[in-house]
1. Condition (residue is without any contact (Cβ under 8 Å) to a residue 24 or more places away in the chain, under 29 Å from residue 244 (Cβ atoms), out of contact with any Asp or Glu (no Cβ under 9 Å at 6 or more places or on another chain) and in a helix (DSSP H, G or I)) applied to the stretch 345-354: is it met by at least one residue?
2. Please work out which residue is nearest to the chain's Cα centre (by Cα), limiting yourself to the stretch 160-197 and to residues that are within 16 Å of residue 123 (Cβ to Cβ) and among the aromatic types (Phe, Trp, Tyr).
3. Of all residues in the stretch 377-397, how many are part of a helix (DSSP H, G or I) and surrounded by fewer than 16 Cβ atoms within 10 Å (Cβ to Cβ)?
4. Name the strands (runs of 3 or more DSSP E) wholly within the stretch 199-308 that hold at least 1 residues that are among the small types (Gly, Ala, Ser)?
5. Every residue in the stretch 149-188 that is outside any loop (DSSP other than H, G, I, E, B) and farther than 25 Å from residue 225 by Cβ, please.
6. With the requirement that a residue be closer than 24 Å to residue 96 by Cβ and open to solvent by 30 Å² or more (accessible area, probe 1.4 Å), what does the stretch 308-328 give you?
7. Among the residues of the stretch 10-30, count how many are more than 17 Å from residue 187 (Cβ to Cβ) and among the small types (Gly, Ala, Ser).
Amino acid sequence: MGSREEMAALKDVLTSSKWGGQPFPGKHASSFAKKFAKTHTVKYAQCVNTGTVAIQAALKAVGVLPGDEVIAPAYTWEGTVGPVLLLGAVPVFVDVDPDTYCLDAKLIEKAITPKTKAILPVHLGMRFADMDEILRIAAKHNLKVIEDCAHAHGGMWKGKGAGSMGDLGAFSFQSSKLITCGEGGAVITNNLEYMEKVQSYINAGRASVTDQFHHRIIGFNYRLGEFQAAVLGPQLDRLSKQSKLRDKNMAYLEKRLKGTPGIGLLKPDPRITRLAPYGYVLKYYSEKVKDIPRAAFVAALQLEGIPCDGLFYEPVYKSSLFPVNPADFPALSWGREKPLDLRSMYSCPESEKAAYSEAVWFMHQMFLGSKKDVDAIADGIHKVLENIEEVRTLDHKAIRNQRLSRADRES
Ligand SMILES: Cc1ncc(COP(=O)(O)O)c(C=O)c1O
């Protein structure tokens, strides 16, 4: 729910008669972008209309061309890799690290080919991809790095902001995110030339604000409107306080869950100097819980009044939202007798385990309450585990839904 600050900002837009992203960038989009850049320790930020577009614009800025390959984690939202295909490039899926559920840096080099142009790590859930290793590999192979920070607003890795370490960072402000305006996104970078390309690309090809590099490219209208931009600033002001509270509450939940049979915690990483948890993610080991599948465990939690999700993401190559038709993406056929079949050519065991049996996601909003609220989550988990036999043969819509990916569930 919006606060007084959001109301005031919206009224300012309403009465200004400047509702769109033109003149570019709008007043609210521009002042928010400045603050957002500072929060993430970079020089430049640009608002755009979605997180998917933020990734697309970032890939465009580093010069990803049709036929180039871009390495991405298999376990993420489909919107991470959609932009790769939209630019005519080819996504190359790499498995995730079971300690973090983020792109496994140890597997990246095996996936590099002469066509590889960029690495697209995602700071997923409540962890960062190993940026030290990713930057080392990128430098060694002369690759660009775009950080998908859709889950990592305000997060810090060794004191550096999420999105500031690669060539560019891409954020989403879609409804479920740590900062939201319904639909929106932002691109950040320290590189003025990249920022100029982003600005031209998302502003119908017009010259960028600074235009020192004089790039002229075909662009599109991917601007953020001022109503959306207006509600972002007040949320950014609150973010640091909220992050501290979420961090404290999540640490308390871990204290309550540590050692619980059937429950595993993601490994802490001291290099994360500020947590930016889009979701609290834990591991459920059904083999230690009398082989009761995760769908039943998660549904039972939901019925106890604890919102959570199991099949939150799928390995993108298996998702029903990834019906890749090679006719739409000609680069999949270039130089080959048969087009690459992105849906059948991958097997990423850690991503499949996380997606189909292990990961349990709790949304960030649940950690803005009191210690008592966290106790309710921990008590609910313990109660369900103690009574898990009761769901073994239960047939309930919540369980049936949990067996389906989010796109396919009954409402
Ligand atoms: C990891 C990840 N990447 C990219 C996106 C795309 O963002 P949007 O939905 O704003 O286009 C999202 C969010 O939905 C996401 O969670």
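The values are calculated or read from the model by the stated rules, or taken from the named source; none is laboratory data. Values in this document were obtained by computation on a predicted structure and should not be read as measured data. All Cβ positions, glycine included, derive from the backbone under ideal geometry; neighbour counts span all protein chains shown. Ligands, DNA and RNA are stripped out before the accessible areas are found, and what is left, the full protein with its side chains, is counted by its heavy atoms. Shrake-Rupley method; radii C 1.70, N 1.55, O 1.52, S 1.80 Å.
1. The answer is no, given that none of the residues of the stretch 345-354 is without any contact (Cβ under 8 Å) to a residue 24 or more places away in the chain, under 29 Å from residue 244 (Cβ atoms), out of contact with any Asp or Glu (no Cβ under 9 Å at 6 or more places or on another chain) and in a helix (DSSP H, G or I).
2. Checking each candidate, the answer is 171.
3. Looking only at that region, the number is 7.
4. It comes to 263-265, 279-284.
5. Hits for the stretch 149-188 are 156, 157, 160, 161.
6. 318, 320, 321, 323, 324
7. Here the count works out to 3.
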